[in-house]
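Remarks on the structure that follows.
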Amino acid sequence: MFALIDASGMYASCEKVFDPSIRNRPVVVLSNNDGCIVAVCPIAKKLGIPKFQPYFKLKPKLDELGVVARSSNYELYSDLSQRMMNICARFAPEQHIYSIDENFLSYGHYVPKEGWLAHGKEIRRAVWRETRLPVGVGFGCTLTLAKAANHASKRISGYQGVAVIASESERVHILQNMLVSDVWGIGRRISKRLALQGIDTAWQLSKAMPSIIKKDFSILIAHTVHELNGNQRFSWDEVKAPKKQIFSTRSFGKRVTSILDLKQAIIMHCGIASKKLRNQNSQTLNIIVFAHNSIHDKEPFFRRAAIHQFSCPTSDSGVISSAAGKLVDQIFKPGIRFYKAGIGLLEIVDEKPNQQDLFAVSNDRPNLMTCMDGINDRYGRNTIFIAGQGIEQKFAMRRELLSPRYTTRLAELPIFRCN
DNA sequence: TCTGGGGTCCTAGGACCC
DNA sequence: TCTGGGGTCCTAGGACCC
């Protein structure tokens, strides 16, 4: 059995934890640079506020409806996320953290003596008691069914936060009440094409012939059909597998026109991406650096990218940054108002501690990296960093509606007055 | 005044090779 | 009468996720 646990409207819920004054109000959270709405609390959802729309376009409507908007406060969300993940991990032998607000649990053949429903309720209670985050819990014998049950736990009436697919009747009931576009792995495009074949619900998709689905769509969608029928195709090891590519990209708070600013941004991304690389015990054989202006600006679209191949695999922030810095010289063009830049590590390999190569000399300093990661894990990201990323970044993102970092900064601790 | 997210994986098609 | 291979690498774009 697998479980999928996720926090509903995670970012918006986090904002409510330490600010009682907005608990009963509609709240939305914005993406980087206050660009788009990326999280909507249940009250705002009922008002019909859509996700992934530019904030400035919706602002008049939000003001009219009295919706509270907040900038993304990642420091707060990642801290609460860690607490939530730690609590969930207590309930099963294995956990996979799928995103900041979602995690899978794998139970193997274990069956809780209180039953799955009671077990799910206990997880929900524990997370609520210890973090004040509302979570949905779904159980199923495949990852896709666990996802479906999780969806049902929040969207189908009668479940109140916990849904279990352990019997045929429950499977049928949930899949029949679920749109095909809500199935894990079925997005907007595919569901439109499925609709042309008369497939509108998850149940109808589960009844389709996998061989025909494979021919008309892809092997992945055919796997999904099997998974909906309780036949596992997406394995635990696969979802836990290390990433094959790692990207770090961001739009700037204001347009960047100087090569120094662009270099600082790129080197900052190298720090973020190489840390992710080390966290999964991998190394990379190459790096791509890219930057472009905005399609919304008046100038013609400009985008350039450059790739560097390393002579031997590396995960050293310094080695990666210095290669990236040279690539910036290749892609920079004076006069371009850069809107976004980033890097990608494209060819990722497993770390081999004692790899011998007579001709390629590694410049990696694993001890230094371990030390740097240790300090940053303990004292917070960017306690120490590669100097090339600059100390005061002029292009830093706009976050005009930022709430305090209640749980990670002493100076920003919440204070409640009792009368 | 101006403003438009971030990440991962896959595939089709072009360019090139023999 | 009509017909023409097979492989690798790279890139842009599509699709999905949250």
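The values are calculated or read from the model by the stated rules, or taken from the named source; none is laboratory data. Quick caveat: nothing in here was measured; it's all calculated off a predicted structure. A quick note on method: Cβ atoms are made from the backbone with ideal geometry, for glycine too, and the neighbour counts reach across all protein chains shown.
Just a few scattered comments:
- Any chance A:I123 is in contact (Cβ under 8 Å) with a residue 60 or more places away in the chain, of a type outside the set (G, A, S) and surrounded by fewer than 24 Cβ atoms within 10 Å (Cβ to Cβ): yes
- Some residue of the stretch A:16-32 being within 16 Å of DNA strand B (Cβ to nearest atom), touching a residue at least 40 places away in the same chain (Cβ under 8 Å), surrounded by fewer than 21 Cβ atoms within 10 Å (Cβ to Cβ) and part of a helix (DSSP H, G or I): yes
- Where A:P93 falls short, out of the listed (1) within 24 Å of A:D377 (Cβ to Cβ); (2) of a type outside the set (F, W, Y); (3) over 19 Å from the mean Cα position of the chain (by Cα): (1)
- Within the stretch A:54-76, the set of residues being more than 8 Å from DNA strand B (Cβ to nearest atom) and either surrounded by 15 or more Cβ atoms within 10 Å (Cβ to Cβ) or of a type in the set (V, I, T) (or both) comprises A:L58, A:L62, A:V67, A:V68, A:A69, A:R70, A:S71, A:S72, A:N73, A:Y74, A:E75, A:L76.
- Looking across the stretch A:1-15, the residues that are assigned to a strand (DSSP E or B) and among the hydrophobic types (A, V, I, L, M, F, W, C) come down to A:F2, A:A3, A:L4, A:I5, A:A7.
- Checking A:D79 against (1) more than 14 Å from DNA strand B (Cβ to nearest atom); (2) closer than 21 Å to A:A7 by Cβ; (3) at pLDDT 95 or above; (4) not basic (K, R), the condition it does not meet: (3)
- The single condition among (1) modelled with pLDDT of 95 or more; (2) surrounded by fewer than 21 Cβ atoms within 10 Å (Cβ to Cβ); (3) part of a helix (DSSP H, G or I) that A:S153 does not meet is (2).
- Among all positions in the stretch A:170-177, there is no residue which is under 22 Å from the mean Cα position of the chain (by Cα), away from DNA strand B (no atom under 16 Å from the Cβ) and among the β-branched types (V, I, T).
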